[in-house]
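What follows is a short report on a single structure.
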Amino acid sequence: MVVIVLVGSAVGLRGHVTRWMAEAAPGIFVGRLSMRMRDALWGVIVERIGEGQALLIEPETNEQGWRVRGAGSDRYQPVEIDGLVFFSPLRGATLNDNFTVNEDSHENITIDDSS
């Protein structure tokens, strides 16, 4: 199963995604896609996301059984801790336009809660 989450995207992009996936809630799409179709659809999303954020959660052979891809102006950052992926809200920061987190990534995280 594949899940795509679109936040702050154009209605036209959401309509485009509904050609291949069911919209379970506003901006949340679920369905089964081949890897070829998933990559093609993701390419369109990356091109058209603009100032919104897109996440694609897809099957992977790792501890959690999935991996995540993201594009756009990030509101949540996937963070790997001890081989597990969690989502952390950003505090006014912007990441690069595309990111992929899987079992091979190793990021050190420092959380400052002094504010």
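The values are calculated or read from the model by the stated rules, or taken from the named source; none is laboratory data. All values derive from a computational prediction rather than experimental measurement. Glycine also receives a Cβ, built like all others from the backbone with ideal geometry; neighbour counts cover every protein chain displayed.
Can you confirm whether segment 32-39 contains a residue that is touching a strand residue (DSSP E or B) at 6+ places or on another chain (Cβ under 8 Å), surrounded by 15 or more Cβ atoms within 10 Å (Cβ to Cβ) and at pLDDT 90 or above? For segment 32-39, residues touching a strand residue (DSSP E or B) at 6+ places or on another chain (Cβ under 8 Å), surrounded by 15 or more Cβ atoms within 10 Å (Cβ to Cβ) and at pLDDT 90 or above: present. Quick check: anything in segment 15-25 surrounded by 14 or more Cβ atoms within 10 Å (Cβ to Cβ), over 13 Å from the mean Cα position of the chain (by Cα) and assigned to a helix (DSSP H, G or I)? Within segment 15-25, one or more residues are surrounded by 14 or more Cβ atoms within 10 Å (Cβ to Cβ), over 13 Å from the mean Cα position of the chain (by Cα) and assigned to a helix (DSSP H, G or I).
Scanning segment 7-30 for residues being at positive phi and touching a residue at least 24 places away in the same chain (Cβ under 8 Å) gives a total of 1.
Of the residues making up segment 56-65, one or more are among the charged types (D, E, K, R) and modelled with pLDDT under 90. I'd like the residue in segment 40-64 that is β-branched (V, I, T) and touching a strand residue (DSSP E or B) at 6+ places or on another chain (Cβ under 9 Å) and, out of all such residues, is surrounded by the fewest Cβ atoms within 10 Å (Cβ to Cβ). Among them, the one singled out is V46.
Close Cβ contacts (under 7 Å, 6 or more residues apart or on different chains) running from residues in segment 59-80 that are at positive phi to residues that are in a strand (DSSP E or B) comprise G65/P59; G72/Q53; G72/A54. Among the numbered conditions (1) assigned to a loop (DSSP other than H, G, I, E, B); (2) within 25 Å of I81 (Cα to Cα); (3) hydrophobic (A, V, I, L, M, F, W, C), the only one that L33 does not meet is (2). Filtering D97, D74 for residues that are at pLDDT below 95, surrounded by fewer than 16 Cβ atoms within 10 Å (Cβ to Cβ), over 16 Å from V2 (Cβ atoms) and not aromatic (F, W, Y) leaves a single hit, D97. Within the span defined as segment 54-68, every residue fails to be in a strand (DSSP E or B), aromatic (F, W, Y) and in contact with a Phe, Trp or Tyr (Cβ under 7 Å, 6 or more places away or on another chain).
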